[in-house]
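Read through the structure below, which is laid out as structure tokens, and then see the notes.
The values are calculated or read from the model by the stated rules, or taken from the named source; none is laboratory data. Keep in mind the model is a prediction, meaning the values are calculated, not measured. Neighbour counts run over all protein chains shown; Cβ positions are idealised from the backbone, glycine included.
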């Protein structure tokens, strides 16, 4: 990539891919103990990507600034002008997650049709 493309990429990361913990609203991510339900309070600097005991990735975080960067794909972010969360999914919990997402989408569409 050219340096101009690097600047655009960095600007998009800053604009769309930085997680900000919040509380007190419908979309807040902090639980009653002040811990982020998206696990951003558990992030720490790591040299490699590893997997926890449940199979969830613990992404490489090389600097303090990268601790709140949402996992993403550079090519998708460069072509998509908005938030594009991309994560590895390769555990037994994947089936449950996909079922939850599919059911939520189906329920949302049924509610829209009903009204």
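Residues in the stretch 83-104: is at least one surrounded by fewer than 10 Cβ atoms within 10 Å (Cβ to Cβ), under 17 Å from the mean Cα position of the chain (by Cα) and at pLDDT 85 or above?
no
If residue 71 meets every condition in (1) part of a loop (DSSP other than H, G, I, E, B); (2) farther than 30 Å from residue 5 by Cα; (3) touching a strand residue (DSSP E or B) at 6+ places or on another chain (Cβ under 9 Å) apart from one, which number is that one?
It is condition (2) that residue 71 fails.
Table: residues versus (1) modelled with pLDDT of 85 or more; (2) surrounded by 12 or more Cβ atoms within 10 Å (Cβ to Cβ); (3) over 24 Å from residue 95 (Cβ atoms); (4) touching a helix residue (DSSP H, G or I) at 6+ places or on another chain (Cβ under 8 Å).
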residue: 20; (1), (2), (3), (4): yes, no, yes, yes
residue: 24; (1), (2), (3), (4): no, no, yes, no
residue: 38; (1), (2), (3), (4): no, yes, no, no
residue: 43; (1), (2), (3), (4): no, yes, yes, yes
residue: 51; (1), (2), (3), (4): no, yes, no, no
residue: 63; (1), (2), (3), (4): yes, no, yes, no
residue: 67; (1), (2), (3), (4): yes, yes, yes, yes
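Specify the residue that is farthest from the chain's Cα centre (by Cα); the eligible residues are those in the stretch 37-53 that are assigned to a helix (DSSP H, G or I) and touching a residue at least 12 places away in the same chain (Cβ under 8 Å).
The first filter runs over the stretch 37-53 and keeps only residues assigned to a helix (DSSP H, G or I), leaving 40-42.
Pick out the ones that are also touching a residue at least 12 places away in the same chain (Cβ under 8 Å) and you get 40-41.
Details: 40: 9, 41: 13 Å.
Ranking the candidates gives 41 first.
What pairs come out if I take residues in the stretch 83-105 that are assigned to a loop (DSSP other than H, G, I, E, B) and pair them with residues that are surrounded by fewer than 10 Cβ atoms within 10 Å (Cβ to Cβ) and at pLDDT 70 or above whose C-beta lies under 9 Å away, six or more apart or interchain?
Matching pairs, first to second residue: 91/54; 92/54.
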